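The structure appears below as structure tokens.
The values are calculated or read from the model by the stated rules, or taken from the named source; none is laboratory data. Quick caveat, the model's predicted, so the values are computed rather than measured. All Cβ positions, glycine included, derive from the backbone under ideal geometry; neighbour counts span all protein chains shown. For accessibility, only protein heavy atoms count, side chains too; no ligands or nucleic acids. Shrake-Rupley method; radii C 1.70, N 1.55, O 1.52, S 1.80 Å.
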Amino acid sequence: MMSLTTSGNHSRKNAYFTFALLFLLYMFDYIDRLVIVSLFPFLKAEWGLSDTQCGLLVSAVYWSILLFSFPVSVLVDRWSRKKTIGLMSILWSMATLACVFTKSFKQLFLARTAIGVGEAGYAPGGTALISALFPENQRAKMLGIWNAAIPFGSALGIALGGIIAERYGWRHAFGIVALPGLVFAVLFFWVKDYRTVDLVRDDGSTANAQPVKMSRKDIVREFVQRKSLLFNNLAFAANVFVTTSLLSWMPTYFHRVEGLSMGKAGTKSGLIMFMAIIGAPLGGYIADRWRRRRPSARMLLPAITSILAGVLLFVAMTFLEGRLQYSMLLLVGVTIIMFVPSAVSVTQDVVHPGLRAISLSINIVIQHTLGSPLGPLFVGAVSDVYGLNTAVQWLPAFTLLAGVLFWMGSFYYEKDLKAVAKIEVKIEES
């Protein structure tokens with residue numbers, strides 16, 4: 001297999017500065033995305049929305065990401081990481097600000113759709129950039145730390161939404177959280193990007209064969225022939241079905257079941273999601289350590305943690321209540337996110353380095369087709385008929401499914417890894 005090596009001439013200082021901005025932008029990505037879930041009761045009171053309509057306001061973001069993630073990821077891989085990320089960050093922040101001025105469900109739905117358009121290219125671009133900035137044997141760990149921004153931002157968004165809405169009104173919640181993202185988006189135009197990687201492959205004719213340009217068929221093969229990638233992406237979608245449902249509906253669950261104000265319910269729910277700030281780095285650290293002895297650890301660990309999270313969630317929502325239930329849900333908050341750094345790493349591990357953003361975008365398309373948009377809508381629809389408690393009790397089945405899919409994919413991971421061209425990338429000097 002062809003191996004092209006270039007020197008990593010970027011400084012550690014530059015790498016961590018870029019990483020810090022990526023973390024902050026990812027945090028505000030999720031603050032802007034999920035601030036709305038604590039606003040459901042206020043929207044229902046003002047506009048008379050149903051639970052299904054509230055679920056649609058969450059799903060709108062994911063449907064936009066589904067539609068735009070792939071084309072934007074092509075820009076990321078073939079044009080510029082920093083310019084794409086900067087422009088997309090400005091767009092989603094401005095769309096969040098636009099929510100302040102909406103006067104109806106239709107207008108708010110359109111503004112939420114625009115947020116998704118802006119967020120579509122962020123995860124692929126950030127993942128590709130981190131994969132280039134740090135060594136491969138640290139990939140899951142660094143992606144784990146970066147993905148801790150998801151629960152951190154989610155928790156802040158849920159908590160701030162309820163607190164701000166109770167004091168100043170729901171419109172102010174959108175306005176306040178939109179502004180910081182604009183600042184970090186502008187700063188990102190000053191980071192150093194890596195040089196776009198040529199799409200070349202070994203023609204396999206001789207031992208010293210020169211690299212040749214990849215055809216469209218070669219590019220397609222990078223994805224459809226990687227069985228570990230297919231199982232990984234399907235498992236990711238099953239888990240995201242659950243995490244998005246919990247992010248969207250736990251504040252309302254505590255509001256209805258325990259009679260808490262939305263401010264307190266949002267804070268209580270946010271703490272559950274905030275526990276994932278432990279789970280994401282921990283999952284990445286364990287996976288990288290285990291991978292020294294077991295190459296398929298980046299698929300086996302997600303299998304174990306997905307099943308464990310499903311069992312804990314089932315016990316919490318079916319048999320427990322009060323403090324015991326909440327203690328169990330805090331453990332769910334840790335375990336349910338541990339799959340992410342390993343699963344994201346797999347999307348980078350088993351494909352050509354010049355296709356990393358596109359690889360994650362395919363993962364995003366799958367998870368936002370089968371997972372995130374359907375989860376909140378499923379819970380809302382079941383809740384309208386059978387009640388929210390019953391709806392949430394169905395969720396553990398999907399994490400168990402994810403565990404099985406990760407386990408099946410682990411049998412193909414090492415073979416797929418060996419088939420990848422080993423190409424390092426260069427960080428631009430200016």
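On full extension, the segment bounded by residue 179 and residue 315 gains 44.9 nm, given 0.36 nm per residue less the C-alpha separation. A Förster radius of 30 Å, combined with the Cβ-Cβ distance separating residue 100 from residue 324, puts the computed FRET efficiency at roughly 0.15.
Work out how much length residue 107 to residue 195 would gain on full extension: take 0.36 nm times their residue separation and subtract the Cα-Cα distance, in nm to one decimal. Don't skip to the answer; put the middle values down first.
Numbers: separation 88, 0.36 × 88 = 31.68 nm, distance 4.04 nm.
Additional length available on full extension: 27.6 nm.
A 1.4 Å probe, protein heavy atoms only, puts the accessible area of residue 366 near 40 Å². Cross-link check: pairs 103/192; 141/268; 192/213; 106/217 evaluated at a Cα-Cα cut-off of 32 Å; pairs beyond the cut-off: 103/192; 106/217. Can you tell me the 0 to 90 degree angle between the C-alpha axis of helix 356-370 and the longest principal axis of the chain, rounded to 10? Result, in degrees: 30. At q = 0.08, 0.12 Å⁻¹ the log10 of I(q)/I(0) for the chain amounts to -0.41, -0.93, computed by Debye summation with a single uniform scatterer per C-alpha, solvent ignored. The calculated P(r) of the stretch 219-304, using every Cα pair and 5 Å bins from 0, goes 3, 12, 15, 16, 16, 13, 10, 7, 5, 3, 1 in percent. Site-free segments of the chain were taken between GluC sites (Glu not before Pro) in DSSP loops having at most 15 other Cβ atoms within 10 Å, sites themselves excluded; the longest one is 1-257. So how tilted is helix 374-386 from the main axis of the chain? Cα-based, degrees 0 to 90, rounded to 10. Result, in degrees: 30. Between residue 417 and residue 217, the contour length at 0.36 nm per residue exceeds the Cα-Cα span by 70.1 nm. Applying a DSSP loop filter and a limit of 11 other Cβ atoms within 10 Å to the trypsin sites (Lys or Arg not before Pro) in the stretch 324-430 leaves nothing. Entry note, the chain: the mean residue ellipticity at 222 nm calculated from DSSP H runs of n ≥ 4, each adding -39500 (n - 2.57), is -24500 deg cm²/dmol after division by the residues and rounding to the nearest 500.
Which whole number in µm²/s is D for the stretch 247-360 by Stokes-Einstein, with the Kirkwood Rh taken over Cα pairs at 10 °C and 1.306 mPa s? All intermediate terms of the calculation are to be shown ahead of the outcome.
On the way: Rh = 15.5 Å.
Answer, rounded: 103 µm²/s.
Taken over the stretch 1-160, the alpha-carbon convex hull comes to 129 cubic angstrom per residue. Tell me which trypsin sites (Lys or Arg not before Pro) from the stretch 100-198 have a DSSP coil assignment and no more than 13 other beta carbons within 10 Å of their own. Answer by residue number: 103, 195. Hydrodynamic estimate: the Kirkwood radius of the stretch 6-80 over Cα pairs, inserted into Stokes-Einstein at 20 °C and 1.002 mPa s, corresponds to D of 137 µm²/s.
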